[in-house]
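Just so it is clear, none of the values below were taken in a lab; they were calculated from the coordinates. The shown structure was predicted, so the numbers you read here are calculated from the model rather than taken from an experiment. Every residue, glycine as well, gets a Cβ built from its backbone with ideal geometry; the counts of neighbours run over all protein chains shown.
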Amino acid sequence: MTISLSDAGKRFNREWIFRHFTNTFQSGQSYAITGPNGSGKSTLLQVISGSMMLNEGKIQYSSDPDSHRDETIYKSVSICAPYLEVVEEMTLIEFLEFHHGFKPFINGISNETIMSAVGLEKAASKQIRYYSSGMKQRVKLAQCIFSDTAIVLLDEPCTNLDAEGIELYHQLISNYCSNRLVVVSSNDKVEYSFCNHLISISAYK
């Protein structure tokens, strides 16, 4: 999978969040979008995901041998972000089954494997609303990383995670994302230390 942005720009009202952004993102590579809080990192990530339109320039998604239309790219994208919530009235088992209904998990990966991988097997039958903030973040990472998608987008992925959770995050990336296109939006090096490419959003103001 390849994502190409050419002279891309996004604004809200009259304020440009970023402008003249040109870059190519390719499978098997990992990219970090860095910059201070409020600089537009999450906005660029949402543009890459196809959930937000550009005001200028263009974005193109392609894979070998097929190309994707913008309105269908969501099938190839999974995302973990603080502003995306899980269904807290569900148990973890119910949530994973619900999620699997519209975005299948990696071939050969069962719900039990996922719960064990993120250390939540003992809380499988508990409603997510009773989880701690760190446990909820593990759920978000699980539904993102274990989805069978070519593109993995991570916005501040270690939010609410303790040291053990951060170590788990890096294990998941190492074990399940090596052949995928990974983009991390963060100003914390701990979250993107594995990335091959660094992109400063401040360079596109």
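Could you grab the pairs with beta carbons closer than 7 Å, sequence gap of 6+ or different chains, first residue in the range 23-47 and without any contact (Cβ under 8 Å) to a residue 24 or more places away in the chain and in a strand (DSSP E or B), second one polar (S, T, N, Q) and surrounded by fewer than 20 Cβ atoms within 10 Å (Cβ to Cβ)?
T24/T2; T24/S4
Look at the range 12-42 and say how many of its residues are surrounded by fewer than 19 Cβ atoms within 10 Å (Cβ to Cβ) and within 25 Å of S62 (Cα to Cα).
Qualifying residue count, the range 12-42: 9.
When you scan the range 151-163, how many residues do you find that are over 11 Å from the mean Cα position of the chain (by Cα) and either more than 18 Å from F194 (Cβ to Cβ) or in a loop (DSSP other than H, G, I, E, B) (or both)?
5
How many of the residues making up the range 72-95 are hydrophobic (A, V, I, L, M, F, W, C) and under 17 Å from the mean Cα position of the chain (by Cα)?
So the answer is 7.
Would you tally the residues in the range 100-114 being within 18 Å of I173 (Cα to Cα), within 19 Å of the chain's Cα centre (by Cα) and assigned to a helix (DSSP H, G or I)?
So the count comes out to 1.
Restricting to the range 115-130, and then to whatever is of a type outside the set (D, E) and without any contact (Cβ under 8 Å) to a residue 12 or more places away in the chain, can you tell me which residue is nearest to I166 (Cα to Cα)?
Initially, the range 115-130 is screened for residues of a type outside the set (D, E), giving 115-120, 122-130.
Subsequent filtering for residues that are without any contact (Cβ under 8 Å) to a residue 12 or more places away in the chain retains 116, 122, 130.
On the way: S116: 16, K122: 20, Y130: 21 Å.
Filtering first and then ranking leaves S116.
Look through V118, V182 and report the one residue that is surrounded by 15 or more Cβ atoms within 10 Å (Cβ to Cβ) and under 16 Å from the mean Cα position of the chain (by Cα).
Just a single option satisfies the conditions, and that option is V182.
Among the residues of the range 131-146, which ones are within 18 Å of D162 (Cα to Cα) and not in a helix (DSSP H, G or I)?
Those that are within 18 Å of D162 (Cα to Cα) and not in a helix (DSSP H, G or I): Y131, S132.
Check off (1) assigned to a loop (DSSP other than H, G, I, E, B); (2) in contact with a Leu (Cβ under 9 Å, 6 or more places away or on another chain) for C195 and give me the number that stays unchecked.
(2)
Do we have any residue at all in the range 56-76 that's assigned to a loop (DSSP other than H, G, I, E, B), touching a helix residue (DSSP H, G or I) at 6+ places or on another chain (Cβ under 6 Å) and over 21 Å from F146 (Cα atoms)?
no
Tally time: how many residues in the range 121-170 are among the aliphatic types (A, V, I, L, M) and crowded, with 21+ Cβ neighbours inside 10 Å?
Summing the residues that are among the aliphatic types (A, V, I, L, M) and crowded, with 21+ Cβ neighbours inside 10 Å in the range 121-170 gives 8.
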